[in-house]
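This report refers to the structure that appears directly beneath it.
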Amino acid sequence: ELSVSRLSLVVVQSAQMQPDTHVYMFVCCVQVQDYLEPFRLSLEKLQEVSARLRKDLVRGLGKHSHHRAAVKMLPTFVRATPDGTESGDFLALDLGGTNFRVLHVRVVEEEQKMLKMDSQICAIPQEMMLGTGEQLFDHIAACLGDFLVSQDLKGHTLPLGFTFSFPCEQKEIDKSILIRWTKGFKCSGVEGEDVVKLLKEAIQRRGVILAPKYRLYYPVQQLLFSVSINLMIMFLIYRSHVFQSVSNI
């Protein structure tokens with residue numbers, strides 16, 4: 001029996017003797033498979049990975065093992081998923097890298113329910129990623145204000161969802177403490193702080209958000225804040241012994 005490597009050599013020699021497009025393509029395919037072989041996992045190895053992951057998920061849910069778990073299984077305080085009865089207009093902020101998005105989502109019911117969405121991508125300069133938390137959240141608030149003007153939403157009261165894709169410990173549905181920065185961010189004054197509170201304060205600081213020919217009044221009290229953390233929701237609830245009671249859910 002020929003190994004893949006030996007088969008490659010035999011086919012290459014044959015191709016040199018009789019050049020042919022199909023033979024050449026076959027040689028390339030065999031060589032690619034040869035390179036990929038070390039990355040293929042057997043069923044037994046996949047089952048081992050699955051078992052290890054599940055073990056650490058359960059460890060993260062344990063009251064006495066939570067602190068040493070690689071997967072922390074921090075609660076999201078989300079108790080339900082959309083049931084199809086939702087409708088109306090919503091705002092969203094999505095911060096997870098060097099860019100962040102501001103979105104205006106409309107759930108409309110025509111012949112059937114459908115989503116309509118407008119969004120704007122805003123860059124975060126490198127110096128802002130390494131600056132202060134106040135500078136970062138002021139920048140986010142400014143971009144939010146500009147987007148509201150562009151969408152002609154001044155004076156409207158809309159719920160706002162804040163997706164903050166960094167390791168956080170969520171205390172309530174609208175209170176989430178940043179554990180540590182990742183993805184190149186090192187803004188001071190944010191780790192150990194409530195990121196929802198920092199966003200609210202940034203919007204309050206701006207007060208009246210200025211845009212060309214417009215003054216946009218958007219009191220922070222009119223915004224309903226919630227946080228979406230990139231964690232698994234409602235997983236192995238029956239195994240969770242970390243939290244005896246929760247609030248604001």
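The values are calculated or read from the model by the stated rules, or taken from the named source; none is laboratory data. Bear in mind that the values here come from a model prediction, so they are computed numbers and not experimental data. We place every Cβ from the backbone using ideal geometry, glycine too, and count neighbours over all the protein chains shown.
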Checklist entry - Taking segment 166-190 as the region of interest, how many residues are farther than 22 Å from Val78 by Cβ and in contact with a strand residue (DSSP E or B) (Cβ under 9 Å, 6 or more places away or on another chain)? => result 4
Next on the checklist: For segment 171-202, which positions are among the small types (Gly, Ala, Ser) and without any contact (Cβ under 8 Å) to a residue 60 or more places away in the chain?
Outcome noted: Ser176, Ser188, Gly189, Gly192
Next on the checklist: So, Lys186, is that one of a type in the set (Lys, Arg), assigned to a helix (DSSP H, G or I), at pLDDT 90 or above and surrounded by fewer than 16 Cβ atoms within 10 Å (Cβ to Cβ) or not?
Outcome noted: no
Next on the checklist: Can you tell me which residue is nearest to Phe100 (Cα to Cα) among those in segment 199-214 that are modelled with pLDDT under 50 and not in a strand (DSSP E or B)?
Outcome noted: Pro212
Checklist entry - For residues in segment 107-129 being surrounded by 15 or more Cβ atoms within 10 Å (Cβ to Cβ) and at pLDDT 90 or above, which is farthest from Ser150 (Cα to Cα)? => result Met129
Item to check | Selected residue (only one of His104, His66 is at pLDDT below 85 and surrounded by 12 or more Cβ atoms within 10 Å (Cβ to Cβ)) | outcome: His66
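Of the residues Gly161, Gly192, which single one is exposed (fewer than 12 other Cβ atoms within 10 Å of the Cβ) and either modelled with pLDDT of 80 or more or not aromatic (Phe, Trp, Tyr) (or both)?
Criteria check complete, one pass: Gly192.
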Next on the checklist: Can you confirm whether Phe137 is touching a Leu at 6+ places or on another chain (Cβ under 6 Å), closer than 26 Å to Thr76 by Cα and at pLDDT 90 or above?
Outcome noted: yes
